[in-house]
Structure formats: structure tokens, C-alpha cells
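So the structure is just underneath, and the comments pick up after that.
Read-outs: derived from the displayed coordinates by stated rules, not from any lab. If you're wondering where the values come from, they're calculated on a predicted model, not measured in any experiment. Cβ atoms come from the backbone with ideal geometry, glycine included; neighbour counts cover every protein chain shown.
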Amino acid sequence: MTPLLFVLTVALVSLLAGFLGSLLGLGGGMIVVPALTLLLHIDIRLAIGASIISVIATSSGAAAAYVRDGLANLRVAMFLEIGTTLGAITGAYLAGIVHQRFLYILFGLVLGYSAMAMLRRRRVAEEREIGPLTMRLKLGASYVDEKSGQAIAYQPAHASIGLFLMYIAGSVSGLLGIGSGALKVPAMDLAMGLPIKVSTATSNFMIGVTAAASAGLYFTRGQIDPFIAAPVAAGVLAGAFLGSRILGRVTSRSLRVTFVIVLVVVSLQMLLKGVRG
Amino acid sequence: MSDEPRWVDRLISYVLRGGVTISVIVVLAGLIITFAHHREYFRSRPALGALTNPGASYPSTIGAVIEGAREGRGQAIVSLGLLLLIATPVARVAVSIAVFVIERDRLYVVITAVVLALLLLSFVLGASG
């Protein structure tokens, strides 16, 4: 493979990853890292470095559209980003210490659990107690449902649980070079009771900041190779742009089912990789 | 209910889109310059290994990137674009602080300032470690 063909191949793979990632709130990283390592035999550390960059590109590109449409909740994002950035710094540091196999297995388990939990909930709109912290944070807002054209108001609960879960999600992000939207969305959707569309949009919004918190460390470690990261960033961006165009037209239900299927497949893949080493 | 006014959404949207657009232009320009300077990249195989291995030589400090970009080196210009991309979410957080100051929302000025401090800390930690 010549360098030119290599760059074009990486860009195409990244385009597909970015499209799927933005559609699901997963970020491109979950798809780009296996593709770069398994298909193109790129060193995993460089794949993770390029992935971090792609994650920033996906999030910022799609988030611009979500924010404009009023889907992302800025207050929820700002508050929870304390957790994700702290976690990202922790994770980027731990990356050099903890064994990767252990992390793959742990990640697979967490993903599998999140998928099952989402299937179980489905239509239960349970009453949540709004604690004093959550009230003080003024997190409530509303969004306009594109299908019905109605404004839907919501009030998140359990802000402190959300913050803790975001610290975990940020750590995973910093360790594996992924956006870990798969952990952020359930934390908002299931733990805090945010509507799935708001969760997905806000997750995308936060992922860029989370990734930026660990990208500095990866950059100075020399793990962001311009020859790999450039086509990844450009490809993912193009894909994310397409994905953000489609998300508003997918019903929440079909989005949820797709999300669960993807989560299960990815979690099995993670487990397998961890077990086999 | 505390829905953000539309202008905040638009401003943040512009910051994100502007940052991403500028960095992509710089990255693509750097790629074009790299290939223009190295015609052998259209044909040769061995060149790839040298470019995509952990030992590949490319600048890994902000100073080295800026210096290389000034000299017109393609890879350094690509890295400059990637640094601008990393800086985009940081800029968004900085703008958010200004927004909350204008709205006199002290709690969220503090929350956002903490996030910005953590982001800057990560860059400092990376540079020192």
C-alpha cells in the first residue's frame, strides 16, 4: 500500500465510522480503533491517538447542529463535564499503568449491562425525586419534538449520581481513546431521566471536551501521528455531518433499539478481545 | 424552566463549526503540501512504514509544531490543524463562561471555570510529563 492509498483508505473507513458514531451518540472511536488495528494493522497506541482526534471532530461537528436545533442541554453538559474531564485526565494517566486486557473485559461488561438496562426500561416513566442539589442546578429545560412539533419539557433528577457516572465514562474515554457516549447516554437517559434525544445530543456535546482533556497528554506522548490522525479526522467529520442530518428524523424508539443492538455487538467484541488478549 | 436563549445556542454553534472548519482546512492544506513535497508517496511502499510506526518522526510539542509549520513542513502544518481541533472544545468552554457571566449565573460561571481549569491542567500536565 502506498502512502497515498493508505491515506485514502483510512479516510473512507473513518467516514463510515463517523456516520455511525454520530447517529448513535457513540462517537467514531468505538469503530475507528478496531478498524485501524484489525484491518490496517496500525499500532494500537497510534490508533487510539488518532481516535481521540476523531472523537473531538465528531463531537464538535455534530454538536454544532444539535445545539442549533436546541436538543443539547448546555447546563447539564457543563455540570457533568466536571466529571468527564476529571475522569479523562485520570484515564489518560492510568493508560500507562493498567493492563489493556483488563480494561477491554471491564468495558465489555459495562456496555453489556447498559444495553440490558435500556431494554428493560423502554416505556416506564417513573416519578423521580428531585433532590436539593439537582434543583439548585436548574437543569430543567424543554425541546421541540420534530415529529409532533410539540415542546416537551423535562426535569432531570439524580445530578450527583450522573456526575459520578460521568467520571467513570471520562476515565474510560481517556484510557481507550473513545468518546464513551455508550456510557454517557445511559447515565443521562437511565440515571437522570433525560429524554433519549436530549441525552444523545448532550452526550455528543460533552464528548469533545472530554476528549480534549486527554488529547493534550496523547499529543505530547507522540501518539498522535499526523499521517494517521489527519485522514481519520477529515473522514470522521464528513461522516458525522451526514449522521447529524439524519438523527432528527429517526424516531426515539427505533433509535433506542438500534442503540441496544450496537451496544451488544460492541460489548461482545470488547469481551472477546480482552479474553483472547 | 431555564431554556437558554437562542443567541447562546447560535454563538456556541458558530464557535464549534468555525473551529472545526479552520482546523480541517489547515489539516488538508498540510496533507497536500506533504504529498507535493514527497512525490514518492504516490508509488513507494517502504515510505509508509516510516510514517505510521511508533518511531515515526513528527513534532510532539506545541513549539516544535509552530516552528515546523513556519518552515512550511507539511506534517507540522497537519499537526497544527490537529492542535486547532483539540483547542475547539476548549474555546467552546471559554465562550460558555462569558455567556454565564452575561447572564449573571454565578453558579454556572464557577462550574464552567472549573471545567476550563481542568482542560488547561491536562495540557500543562502533558507538556511537563
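Tabulated data
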{"read-out": "Two-site FRET efficiency, A:Thr258 against B:Glu71, from Cβ-Cβ distance with R₀ of 35 Å, rounded to 0.05", "value": "0.15"}
{"read-out": "For segment B:6-128, with +1 on Lys and Arg beta carbons and -1 on Asp and Glu, the positive-most of B:Ser13, B:Phe100, B:Val65 along the dipole", "value": "B:Ser13"}
{"read-out": "Debye, to nearest 20: dipole size of segment B:6-128, +1 on Lys, Arg Cβ, -1 on Asp, Glu Cβ", "value": "240 debye"}
{"read-out": "Sequence ranges A:76-88, A:197-209, ranked by mean other-Cβ count within 10 angstrom, highest first", "value": "A:197-209, A:76-88"}
{"read-out": "Per-residue average of Cβ from other chains inside 10 Å of B:8-14", "value": "5"}
{"read-out": "Shielding by partners - mean other protein chain Cβ count within 10 Å, residues of A:218-224", "value": "6"}
{"read-out": "Shielding score for A:58-70, defined as the mean number of other chain Cβ atoms within 10 Å", "value": "6"}
{"read-out": "3J(HN,Hα) from dihedral phi, segment B:89-97, Karplus parametrisation 6.51/-1.76/1.60, rounded to Hz, x for glycine, proline", "value": "x, 5, 4, 4, 5, 4, 5, 4, 4"}
{"read-out": "Where labels lie 7 Å past Cα in the beta-carbon direction, separation of A:Leu272 and B:Arg39 in nm", "value": "4.6 nm"}
